[in-house]
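**Student:** The structure is given below, and queries will be raised subsequently.
The values are calculated or read from the model by the stated rules, or taken from the named source; none is laboratory data. Everything quoted here is computed from the prediction, not taken from an experiment. Methodologically, a virtual Cβ is constructed for each residue, glycine included, from the backbone with ideal geometry; neighbour enumeration extends over all protein chains shown.
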Amino acid sequence: MIPVEYYLALSATLFSLGILGVLLRRNALVVFMSLELMFNAGNLAFITYARMFGTISAQVVVFFVMTVAAAEVAIGLALMVEIFRTKHSIDLDQMNTLKG
Amino acid sequence: MLIVFFVLAFVAVGTAISMLVTRNAIYSAIFLVLNFGTVAILYLILGAPFIALSQITVYAGSVVVLFLFVIMLLGAERLPGGEPLKWQRFLAIPLILVLALDFGINIAREGGKIGMVDVPPAGYGAPVDVGKVLFTQYALPFEVTAIILLSAVVGAIMLAKTDKAGRRRDLYKREQQQEKTP
């Protein structure tokens with residue numbers, strides 16, 4: 001028997017670490033990885049509540065979140081490649097113009 | 001059970017911190033795989049085997065491979081110079097501490113009242129049950145997801161397409177015509 005709060009605390013910790021990465025790192029790819037970490041933390045909270053209330057629906061929602069996150073990664077990495085082609089860098093500080 | 005949870009939580013938080021701290025983007029991606037793996041085991045403990053295995057195939061498999069592919073393609077594992085985010089760092093760290101404190105206070109206040117989870121009974125959350133819900137109650141969102149994925153694929157191709165590729169195709173055509181003409 002594990003109290004639900006432990007899972008929620010773990011989820012909150014992972015989410016905070018993800019925000020830390022988004023705010024502090026300058027490498028755009030690491031920022032992307034931190035976003036994935038935050039998705040993961042949210043999914044963990046979802047699955048915890050799914051177990052607690054004994055429903056399957058929350059698992060389906062997590063499945064949708066995963067699908068949309070995969071689509072987001074595909075688009076985001078294509079954008080990264082395109083930005084690298086024009087700027088020759090993926091430093092977030094240098095992404096300050098809309099038209100490269 | 002509690003020991004298993006604490007070991008997994010320790011590994012998950014440790015890999016997340018290492019992912020943020022390491023300077024090399026490839027190491028970050030590898031730590032991300034470890035983190036996804038431990039969270040997948042937590043999903044298994046929580047009675048979601050289908051989600052756990054799709055986590056491993058989708059995240060630890062395809063997403064991180066995509067990351068590694070792009071990192072190696074761009075040769076962007078190291079940014080030149082340090083990372084001196086000057087004033088943002090002094091603003092960001094207190095803000096994150098406030099957020100973490102907020103999470104902590106709220107979780108501690110509800111402590112012991114939310115409930116307990118234990119090992120699920122055998123067959124709980126089987127892929128058959130998930131599939132039944134997915135294709136009856138959530139059939140419409142499922143179709144919408146298909147459209148999102150299709151547009152993502154088309155968008156990624158459109159973004160990655162360059163004029164150079166078009167020119168290459170023209171060159172190819174010209175060569176073909178030259179071969180035909182004589």
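**Student:** Which residue is modelled with the lowest pLDDT, if the candidates are limited to segment A:23-59 and must be within 22 Å of residue B:25 (Cα to Cα) and among the aromatic types (Phe, Trp, Tyr)? Lay out the reasoning, then the answer.
**Tutor:** Applying the first criterion (within 22 Å of residue B:25 (Cα to Cα)) to segment A:23-59 yields A:23-41.
Those still in the list that are among the aromatic types (Phe, Trp, Tyr) too: A:32, A:39.
On the way: A:32: 91, A:39: 94.
Out of the qualifying residues, it is A:32.
**Student:** Please tell me if residue A:20 is under 17 Å from residue B:31 (Cβ atoms), within 8 Å of chain B (Cβ to nearest Cβ) and touching a Leu at 6+ places or on another chain (Cβ under 7 Å). Quick ask: steps written out before the conclusion?
**Tutor:** On the way: under 17 Å from residue B:31 (Cβ atoms): yes; within 8 Å of chain B (Cβ to nearest Cβ): yes; touching a Leu at 6+ places or on another chain (Cβ under 7 Å): yes.
Yes; evaluated as a whole, the condition is true for this residue.
**Student:** Just wondering, is there one or more residues in segment A:54-62 that are surrounded by 18 or more Cβ atoms within 10 Å (Cβ to Cβ), in contact with a helix residue (DSSP H, G or I) (Cβ under 7 Å, 6 or more places away or on another chain) and without any contact (Cβ under 8 Å) to a residue 12 or more places away in the chain?
**Tutor:** Yes: one or more hits.
**Student:** If you go through segment A:4-34, how many residues are crowded, with 18+ Cβ neighbours inside 10 Å and either among the aliphatic types (A, V, I, L, M) or in contact with a strand residue (DSSP E or B) (Cβ under 6 Å, 6 or more places away or on another chain) (or both)?
**Tutor:** 16
**Student:** Inside segment A:60-84, can you point out the residues that are of a type outside the set (A, V, I, L, M) and either at pLDDT below 90 or within 14 Å of residue B:63 (Cβ to Cβ) (or both)? Give the derivation first.
**Tutor:** Kept after step one, since they are of a type outside the set (A, V, I, L, M), are these residues of segment A:60-84: A:63-64, A:67, A:72, A:76, A:82, A:84.
Result: A:67, A:72, A:76, A:82, A:84.
**Student:** Based on this model, can you work out whether residue A:90 counts as facing another protein chain (nearest Cβ under 7 Å) and free of Cβ contacts under 8 Å to residues at least 60 places away in the same chain? Please lay out each step first, then the result.
**Tutor:** On the way: facing another protein chain (nearest Cβ under 7 Å): yes; free of Cβ contacts under 8 Å to residues at least 60 places away in the same chain: no.
Judged against the criteria, residue A:90 is not a match.
**Student:** While we're looking at this one, here's another question. Name every residue in segment B:24-70 that is facing chain A (nearest Cβ under 9 Å) and not in a helix (DSSP H, G or I), in order of residue number.
**Tutor:** Once the filter is applied, which keeps residues that are facing chain A (nearest Cβ under 9 Å) and not in a helix (DSSP H, G or I), segment B:24-70 yields B:46, B:47, B:48.
**Student:** Can you pull out every residue in segment A:34-68 that is part of a helix (DSSP H, G or I) and at positive phi? First the steps, then the outcome.
**Tutor:** Applying the first criterion (part of a helix (DSSP H, G or I)) to segment A:34-68 yields A:34-53, A:57-68.
Listed by number, the list is empty, since nothing qualifies.
Residues are listed down the side, and each one gets a yes or a no for (1) of a type outside the set (S, T, N, Q); (2) modelled with pLDDT of 90 or more:
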residue: B:37; (1), (2): yes, yes
residue: B:55; (1), (2): no, yes
residue: B:74; (1), (2): yes, no
residue: B:85; (1), (2): yes, no
residue: B:92; (1), (2): yes, no
residue: B:136; (1), (2): no, yes
residue: B:145; (1), (2): no, yes
residue: B:148; (1), (2): yes, yes
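**Student:** Shifting gears a bit: Within segment B:104-111, is even one residue farther than 30 Å from residue A:75 by Cα and part of a loop (DSSP other than H, G, I, E, B)?
**Tutor:** So the first thing to find is which residues in segment B:104-111 are farther than 30 Å from residue A:75 by Cα, and the list is B:104-111.
Okay, now just the ones that are also part of a loop (DSSP other than H, G, I, E, B), so B:110-111.
Within segment B:104-111, one or more residues are farther than 30 Å from residue A:75 by Cα and part of a loop (DSSP other than H, G, I, E, B).
**Student:** Looking at (1) surrounded by fewer than 18 Cβ atoms within 10 Å (Cβ to Cβ); (2) at the interface with chain B (Cβ under 8 Å from one of its Cβ atoms); (3) under 12 Å from the mean Cα position of the chain (by Cα), which one does residue A:85 not meet, given that it meets all the others?
**Tutor:** With (1) surrounded by fewer than 18 Cβ atoms within 10 Å (Cβ to Cβ); (2) at the interface with chain B (Cβ under 8 Å from one of its Cβ atoms); (3) under 12 Å from the mean Cα position of the chain (by Cα) applied to residue A:85, the lone miss is (3).
**Student:** To continue, here is another question. Take residue A:80 and tell me if it is assigned to a helix (DSSP H, G or I) and crowded, with 19+ Cβ neighbours inside 10 Å. Steps first, please.
**Tutor:** On the way: assigned to a helix (DSSP H, G or I): yes; crowded, with 19+ Cβ neighbours inside 10 Å: yes.
Yes: the conditions hold for residue A:80.
**Student:** Kindly provide the set of residues from segment B:134-159 that are within 20 Å of the chain's Cα centre (by Cα) and among the hydroxyl-bearing types (Ser, Thr, Tyr), ordered by number.
**Tutor:** Once the filter is applied, which keeps residues that are within 20 Å of the chain's Cα centre (by Cα) and among the hydroxyl-bearing types (Ser, Thr, Tyr), segment B:134-159 yields B:145, B:151.
**Student:** Shifting gears a bit: Among the residues of segment A:35-53, what is the count of those that are facing chain B (nearest Cβ under 7 Å) and surrounded by fewer than 19 Cβ atoms within 10 Å (Cβ to Cβ)? Break it down stepwise before answering.
**Tutor:** Taking segment A:35-53 first, the residues facing chain B (nearest Cβ under 7 Å) are A:36-37, A:40, A:44, A:47-48, A:50-52.
Imposing the further condition that a residue be surrounded by fewer than 19 Cβ atoms within 10 Å (Cβ to Cβ) reduces the set to A:52.
Looking only at that region, the number is 1.
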